[in-house]
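Trainee: Could you have a look at this structure, given as structure tokens, before my questions?
The values are calculated or read from the model by the stated rules, or taken from the named source; none is laboratory data. Given the structure is predicted, the values throughout are model-derived calculations rather than measurements. Virtual Cβ from ideal backbone geometry, glycine too; neighbours counted across all protein chains shown.
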Amino acid sequence: MKSTKNPRSALLLASAIALYRLGSAHAQSWQPTSAPRTNWYAVASSADGRRLVAAACGVLCVSTNSGAAWTPASSPVYCWSAVVSSADGMKLVAAVDDPNFGSIYLSSDGGMTWSRCSVPPFHGWAGLACSVDGTKLIATLWEETAVVVSTDSGATWTPADLPRTNWLAVACSGDGSLVLVAVDGGLIYSSRDGGVTWAPTTAPVKPWAALAGSADGSRWAAAAGVVSSTGGVVMTSIDSAVTWRSNNVPVRNWTSIASSADGTKLVVAASPGPIYTSIDSGVTWVEADAPTTNCWFSTACSADGAKLFAASFRTKQIYSWQAQPSLTIAASSNGALLSWPFSATEYTLETGSLAEPGSSWTPLTEGVTVCGESCRLTVCPNSTPAFYRLHKH
């Protein structure tokens, strides 16, 4: 394996005899996006990482290009405390945490228009979660000590049959059937019927601040802050939240955690402090190349884990990280099958006869199909070598 002179491209050679991969991915640092400078509280992402919504006191902003550009949403001017997004990024939910007024607002058009839903005007909205289709919603109230559930995209809400306590974190599986809620300084509860009945999990009492899970509900992660020398841990479950295990991530005041759809890739952030990532469901962790003095309040992750986002309160910025997509090749009955992540929307598949600096490359779009989270193209090797690359445009 050799590296190309262009670190942003993955090159493949297809011939009648063999297929050679000439490129490899490389790590990237976290970079601030062009979001307006304000005290950001929360950020949420669509499954492909293209559509984003971010919340601050006084403004909601949306992006349709992974944070390259942002537009203020046509929402009321409130102190927004939490946001969540459906998988396609069109259904958005935002919570207002205002001393004089609190509510939940909904958008079904990607943030273009917003309407207030029918929840009581509580204040202290702390957490939001929704199913991938945006029909099942769960919200936690820290000051009002309640959890409310909606199964009709926010048209009606039902109080959950739970103790009245300081509910903070919430997350759910992709279909909304398995829901976890956590107490700030208490237990983690689970519901396996979409919020109808509840039971405490075996996770210990901690100042839990954030929850995240896989789409199928099998893998979970919980992050705790630090209160009076207790907490500061990240725990994970690989059996649908039945049992929990500690991880070797350093003790920090963890405030947010996010997960890929399969639950293998995790990102956790502290306030103040670093960002850590894991690619093995929390077994091992690596400190990210991100500012460590920020007050990270929220994190978000694309379904494949290739795009990560974090909201900073202190530096008033939204940061992003994107893995270089990998272009892979495999033999098929019709030739050679090229595949790459569907979320790699900033990259174009190109082909050329040479892989030298200054060589000509031609974009390939005809014949590309989407299969799950991957884009695919079958090519027929012949006697003339052909190179293929993913090029960032």
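Trainee: Residues of the range 375-393 being among the hydroxyl-bearing types (Ser, Thr, Tyr) and either assigned to a loop (DSSP other than H, G, I, E, B) or crowded, with 16+ Cβ neighbours inside 10 Å (or both), which ones?
Mentor: Across the range 375-393, the qualifying residues are SER383, THR384, TYR388.
Trainee: I'm trying to understand the selection: among the residues of the range 135-148, which are within 24 Å of ALA87 (Cβ to Cβ) and either surrounded by fewer than 18 Cβ atoms within 10 Å (Cβ to Cβ) or in contact (Cβ under 8 Å) with a residue 60 or more places away in the chain (or both)?
Mentor: THR135
Trainee: Out of ARG219, ARG245, ARG252, which single residue is among the basic types (Lys, Arg), without any contact (Cβ under 8 Å) to a residue 60 or more places away in the chain and within 20 Å of CYS172 (Cα to Cα)?
Mentor: Step by step, each of ARG219, ARG245, ARG252 is checked, and only ARG245 is among the basic types (Lys, Arg), without any contact (Cβ under 8 Å) to a residue 60 or more places away in the chain and within 20 Å of CYS172 (Cα to Cα).
Trainee: Residues to consider are ALA288, ALA311, ALA300; find the one that is farther than 18 Å from ALA209 by Cα, among the hydrophobic types (A, V, I, L, M, F, W, C) and surrounded by 21 or more Cβ atoms within 10 Å (Cβ to Cβ).
Mentor: Going through ALA288, ALA311, ALA300 in turn, just one is farther than 18 Å from ALA209 by Cα, among the hydrophobic types (A, V, I, L, M, F, W, C) and surrounded by 21 or more Cβ atoms within 10 Å (Cβ to Cβ): ALA288.
Trainee: Ok, one more. Does ALA336 satisfy the condition of being outside the structural domain of GLY174 (by TED's automatic domain parsing) and either at pLDDT 95 or above or closer than 30 Å to LEU377 by Cβ (or both)?
Mentor: yes
Trainee: Still on this structure, please answer the following. Among ASP97, ASP109, which is over 24 Å from TRP220 (Cβ atoms) and under 21 Å from the mean Cα position of the chain (by Cα)?
Mentor: After ruling out the rest, the residue left standing is ASP109.
Trainee: Restricting attention to the range 223-278, which residues are among the hydrophobic types (A, V, I, L, M, F, W, C) and either surrounded by fewer than 20 Cβ atoms within 10 Å (Cβ to Cβ) or not assigned by TED's automatic domain parsing to the domain that holds PRO291 (or both)?
Mentor: If the condition is that a residue be among the hydrophobic types (A, V, I, L, M, F, W, C) and either surrounded by fewer than 20 Cβ atoms within 10 Å (Cβ to Cβ) or not assigned by TED's automatic domain parsing to the domain that holds PRO291 (or both), then VAL226, VAL227, ILE238, VAL242, TRP244, VAL251 are the ones that fit.
Trainee: OK, next. Which residue is surrounded by the most Cβ atoms within 10 Å (Cβ to Cβ), if the candidates are limited to the range 149-179 and must be more than 23 Å from the chain's Cα centre (by Cα) and of a type in the set (A, V, I, L, M, F, W, C)?
Mentor: Here the answer is ALA160.
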